[in-house]
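The values are calculated or read from the model by the stated rules, or taken from the named source; none is laboratory data. Everything numeric here is computed off the predicted structure, so don't read it as measured data. Cβ placement follows ideal geometry from the backbone for every residue including glycine, while neighbour counts extend to all protein chains displayed.
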Ligand SMILES: [Zn+2]
């Protein structure tokens, strides 16, 4: 799929070190793929887009809004091959700032795109993604796409719509794309990351946290389309109570006005470790 044939949108990022307990150490590391280090590295593309280097040396890319993202760092803005080998490609829902360049990455690397069942189906039927490169799953379902890595789909309170430019008519079309999801990503060493996707408040955040016990939560704070900083702080302090949190999904859309400073102020007094990132930054755990 070319950029012209499918319109999609997003962008944000951060880094630290955790030895399956506490202890966080900020570290600057190169953006390019690294050999297995036994640690977990997160690189932020902006918005909800992250590249995760797992302790076993695998590369996970999630919600890659790269060429269209206003904050995408070089070289990813103009060169998808800079990603190196992508071992696992995840998308939370069909909005352009999440699906982004995922179909192009899947096709270029012959990598399977994992996403909500009813987002993958229209991508297949519209010809945006070959059926063999799409894996359909749904909430509570889990996949084990790589040795020692388990991804479980969980609820997100949001919508999903696929906007596609029909190359025959030249017109944009809107297609239902199932329900948005979040992901619990368990890595080889047991470290669990909850990428919440886009979501508003829902009280089963408490259930998800108690059931899956994420170590690190990636939470949207921009507002308008998702939780705003005060909503996210409420959810974290009242329901989720993780060890660490990275705020995301702000600083890329003028309608999502929530800021890091507002989030930090709303979290004041909490012992949850906030790991603030800037786009293009890497943190290590
Ligand atoms: Zn969305």
Quiz prompt | Matching helices (runs of 4 or more DSSP H) fully within segment 90-147 where at least 3 residues are away from the ligand (no atom under 16 Å from the Cβ) and under 21 Å from residue 168 (Cβ atoms) | solution = 102-109, 117-125
Practice problem: Hey, can you tell me all the residues within segment 72-89 that are in contact with a strand residue (DSSP E or B) (Cβ under 7 Å, 6 or more places away or on another chain) and either over 24 Å from residue 196 (Cα atoms) or assigned to a helix (DSSP H, G or I) (or both)? | Solution: 83, 84, 85
Exercise. Go through (1) within 21 Å of residue 152 (Cα to Cα); (2) out of contact with any helix residue (DSSP H, G or I) (no Cβ under 7 Å at 6 or more places or on another chain) one by one and return the number of the condition residue 61 breaks.
Key: (2)
Exercise. Please state which one of 256, 265 is in contact (Cβ under 8 Å) with a residue 24 or more places away in the chain, at negative phi and part of a helix (DSSP H, G or I).
Key: 265
Quiz item: Can you pull out the residues in segment 119-148 that are within 23 Å of residue 207 (Cβ to Cβ) and out of contact with any helix residue (DSSP H, G or I) (no Cβ under 8 Å at 6 or more places or on another chain)?
Solution: 139, 140, 141, 142, 143, 144
Quiz item: Mind checking which residues of segment 148-178 are out of contact with any strand residue (DSSP E or B) (no Cβ under 8 Å at 6 or more places or on another chain), in contact (Cβ under 8 Å) with a residue 40 or more places away in the chain and more than 16 Å from the ligand (Cβ to nearest atom)?
Solution: 148, 167
Quiz item: Considering only segment 207-228, how many residues are within 15 Å of the ligand (Cβ to nearest atom) and either out of contact with any strand residue (DSSP E or B) (no Cβ under 7 Å at 6 or more places or on another chain) or in a loop (DSSP other than H, G, I, E, B) (or both)?
Solution: 8
Practice problem: Among the numbered conditions (1) at pLDDT 95 or above; (2) assigned to a strand (DSSP E or B); (3) touching a helix residue (DSSP H, G or I) at 6+ places or on another chain (Cβ under 9 Å); (4) surrounded by 22 or more Cβ atoms within 10 Å (Cβ to Cβ), tell me where residue 163 comes up short. | Solution: (4)
Exercise. Quickly run through segment 195-206 and pick out the residues that are more than 14 Å from the ligand (Cβ to nearest atom) and in contact with a strand residue (DSSP E or B) (Cβ under 9 Å, 6 or more places away or on another chain).
Key: 202, 204, 205
Quiz prompt | segment 179-194: number of residues that are more than 16 Å from the ligand (Cβ to nearest atom) and either buried (at least 19 other Cβ atoms within 10 Å of the Cβ) or in a strand (DSSP E or B) (or both) | solution = 8
Practice problem: Return yes or no: is residue 173 in a loop (DSSP other than H, G, I, E, B) and more than 25 Å from residue 284 (Cα to Cα)? | Solution: no
Self-check item: Hey, residue 157 in a strand (DSSP E or B) and either under 16 Å from the mean Cα position of the chain (by Cα) or surrounded by fewer than 14 Cβ atoms within 10 Å (Cβ to Cβ) (or both) or not
Solution: no
